[in-house]
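The values are calculated or read from the model by the stated rules, or taken from the named source; none is laboratory data. This one's a predicted model, so the numbers in the text were calculated from it and none came from an experiment. We place every Cβ from the backbone using ideal geometry, glycine too, and count neighbours over all the protein chains shown.
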Amino acid sequence: MNELPIRPMRPSAERSSALAKKFSGQPARLAVRVDKSTLRAIRKTATNADKTVKRFVLDALREKGVEIAEIDLTDDE
């Protein structure tokens, strides 16, 4: 039997009270999309700096004045 996968609801389609329950008490995460050439350049620069891509991006954002959550600063994944 071929069942269709369940697709998640768009956040705008959910009630605001449901969204508040869903995200309360959980740390927020940031997702950034970049094109392939930019990602290659970031990886190359991070490798030259002897850092992971995540650590390199977080350090660059912090240098620009962006507040970074403490959990992300201590996370070494």
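Scanning the range 40-77 for residues that are assigned to a helix (DSSP H, G or I), of a type in the set (Val, Ile, Thr) and surrounded by 12 or more Cβ atoms within 10 Å (Cβ to Cβ) yields Ile42, Thr45, Thr47, Val53, Val57.
Take Glu77 and decide whether it is of a type in the set (Asp, Glu) and either modelled with pLDDT of 70 or more or more than 17 Å from the chain's Cα centre (by Cα) (or both). Judged against the criteria, Glu77 is not a match. Condition first: in a helix (DSSP H, G or I) and modelled with pLDDT of 70 or more. Can you find one or more residues in the range 14-36 that meet it? Yes, the range 14-36 contains a residue that is in a helix (DSSP H, G or I) and modelled with pLDDT of 70 or more.
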